[in-house]
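The values are calculated or read from the model by the stated rules, or taken from the named source; none is laboratory data. None of the values given here were measured: they were computed from a predicted structure. Quick reminder, even Gly has a Cβ in these numbers, built from the backbone with ideal geometry, and neighbours come from all protein chains shown.
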Amino acid sequence: MRLPSLTLVMLLGLSVGALGANMTIMQKGRMFSSESITIKKGETLTFLNDDSVPHNIMSTSPGNDFNLGSQPPGASTDVTFKEAGDVAVICAIHPRMKMTVKVTE
Amino acid sequence: MRKPSPGQLVATAIAITVFGVVGFVSGTYGSALVGETRHLGVVGKADSSVDSLKARYRRPTMIPFPKDNLYTPQKLALGKKLYFDTRISVSSAQSCASCHSPAFGWADGLAVGVGFGMAQLGRHSPTIINAAWGEIFMWDGRLANLEEQALGPIQSPGEMNMPIDQLMERLNTIPEYKPLFAAAFPGEAMSAKTLAKAIATYERTVVSQRAPFDDWIEGNEKAISEEAKRGFVLFNTKAECASCHEGWNFTNDGFQDIGLPSEDVGRGKYVPGVVKMQHAFKTPGLREISRRGPYMHDGSLATLEAVVDHYDKGGVERASRSDLMKPLGLTVQDKADLVAFLKTLTSELDPTAMPVLPR
């Protein structure tokens, strides 16, 4: 399993968009860069589409549901999780892409 | 419907002010806080040399079976009989093979399927070829695995219309089925679960055979024409087919609205708040494709030439249409090359022997 890298956003100096962001999940080759990741409630995860096709990252997990819509290649979006618990994150377009975000208190 | 939280509105406002883009916030999904979307332009270019492209399409050497339904020859033998047995439909006139027939590339050769009472169904009967590698089942992905899929059409009122309890009662009255179930599932009762496992086991053994394309991939330069070789490169580059039809089975099982002018919302019924899932259908594999027309989820295109034309034009423009769909600017020669390539994915399929059914 590959470890999540530090966000490229910080490296690129786009500091406004990176407030609170400390971890990035990438999507190259129709795969999440991590199957599972643990973060604290209120922390932010960045979803970076470093793949060659659009993705549609989302979750229907209660308390942490979200939908990024169609995210084109090169796009990066932050998601802040507000409730503790396991969040099942998928790509709506690509059903083989599945991961769990474990949100702790 | 959930309203966006103040935090979401602030984040969106920042995005518009600073970056001029809007982070997508659905009206339906919104408990987690979604920030702005930034466009970093960090995507690397994939290696598109022919050798590196070829490496992505090598046939697997083994059929995958799930841990909770491993292969046995006894399951296969039982599953094959059930697959071809018309008595699993309420009318005793339809079997799985009625719509997924080896004679038509494991589909039915019709635009849309025919169900109970000879009524036309809404969608094209998909092939079962290479279903063992499927991630999710049905055009709209409503069933999670092949065992669930096996029971779906049997019970569907519009298809075989057979209540599962009635089916098990009927099979119990056919004496020769009992020892077959006992051999396949020792110590287990005849049930919907074991029936589904047997049918799924048989279906997993329906695998596309070696096609000229496979010989070319493995080094025989004479296996396919120069036209088809150019088509393979186009398939992976200018025509962008491989964005969805990828890997040896030519699908990633993804859902895309490819702009066919159909009212059917497809995957959208099961993922209602997601724009890109409206009118989206599962990407089919392309093995044995020459035997599987008419094409598309609605059977609306009769030939591979018509399919390539559709992708070249880009289909109906609407919010749900895949961002990958756009006019491609293919030349007449490009289109002919693509069709020539697609035809190399069809094998000389061996005939399938019909089983003798239990009485």
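Condition test on B:Tyr29, is it over 24 Å from the mean Cα position of the chain (by Cα) and at pLDDT 80 or above?
yes
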Odd one out for B:Val112 among (1) of a type in the set (Val, Ile, Thr); (2) surrounded by fewer than 19 Cβ atoms within 10 Å (Cβ to Cβ); (3) not in a loop (DSSP other than H, G, I, E, B):
(3)
Strands (runs of 3 or more DSSP E) contained entirely in the range A:21-105, each with at least 1 residues that are among the aromatic types (Phe, Trp, Tyr)
A:44-48
Residue pairs, Cβ under 9 Å, 6 or more apart or interchain, first in the range A:24-45 and closer than 14 Å to B:Gly35 by Cβ and touching a residue at least 12 places away in the same chain (Cβ under 8 Å), second surrounded by fewer than 17 Cβ atoms within 10 Å (Cβ to Cβ) and polar (S, T, N, Q). List them.
A:Thr24/A:Ser5; A:Glu43/A:Asn22; A:Thr44/A:Asn22; A:Leu45/A:Asn22
Can you pull out every residue in the range B:191-224 that is in contact with a Pro (Cβ under 9 Å, 6 or more places away or on another chain) and either assigned to a helix (DSSP H, G or I) or closer than 30 Å to B:Gly314 by Cα (or both)?
B:Ala200, B:Arg204, B:Ile224
Has the range B:49-58 got any residue that is more than 25 Å from the chain's Cα centre (by Cα) and within 14 Å of another protein chain (Cβ to nearest Cβ)?
yes
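Please go through the range B:250-275 and give me each residue that is touching a Pro at 6+ places or on another chain (Cβ under 8 Å) and surrounded by fewer than 24 Cβ atoms within 10 Å (Cβ to Cβ), ordered by number.
Across the range B:250-275, the qualifying residues are B:Thr251, B:Asp253.
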Subset tally (residues that are more than 30 Å from the chain's Cα centre (by Cα) and under 18 Å from B:Ile164 (Cβ atoms)) for the range B:179-201
2
Meets criteria (without any contact (Cβ under 8 Å) to a residue 24 or more places away in the chain, closer than 17 Å to B:Pro351 by Cα and not charged (D, E, K, R)) for B:Ala107
no
I'm checking my understanding of the structure. Among residues of the range B:276-316 that are surrounded by 19 or more Cβ atoms within 10 Å (Cβ to Cβ) and β-branched (Val, Ile, Thr), which one is farthest from B:Trp106 (Cα to Cα)?
B:Val308
Residue under evaluation B:Lys67, criteria (1) in contact with a helix residue (DSSP H, G or I) (Cβ under 7 Å, 6 or more places away or on another chain); (2) modelled with pLDDT of 95 or more, criterion not met:
(1)
Only one of B:Leu328, B:Leu324 is in a loop (DSSP other than H, G, I, E, B), in contact (Cβ under 8 Å) with a residue 60 or more places away in the chain, in the same structural domain as B:Phe250 (by TED's automatic domain parsing) and farther than 25 Å from B:Gly268 by Cα. Can you tell me which?
B:Leu328
Test result for B:Glu169, part of a helix (DSSP H, G or I) and buried (at least 20 other Cβ atoms within 10 Å of the Cβ)
no
Between a residue in the range B:268-285 that is farther than 16 Å from B:Cys244 by Cα and facing chain A (nearest Cβ under 10 Å) and any residue that is surrounded by 20 or more Cβ atoms within 10 Å (Cβ to Cβ) and among the small types (Gly, Ala, Ser), which pairs come within a Cβ distance under 6 Å, given they are 6 or more apart or on different chains?
B:Val271/A:Ala92; B:Val274/A:Ala92; B:Val275/B:Ser320
More than 24 Å from B:Pro327 (Cα to Cα) and out of contact with any Ser or Thr (no Cβ under 8 Å at 6 or more places or on another chain): is that true of B:Ile224 in this structure?
no
So, in the range A:53-105, of the ones that are crowded, with 19+ Cβ neighbours inside 10 Å and in contact with a Pro (Cβ under 8 Å, 6 or more places away or on another chain), which residue ends up farthest from the other protein chains (Cβ to nearest Cβ)?
A:Gln71
Return yes when B:Asp264 is away from chain A (no Cβ under 14 Å), charged (D, E, K, R) and not in a helix (DSSP H, G or I) and no when it is not.
yes
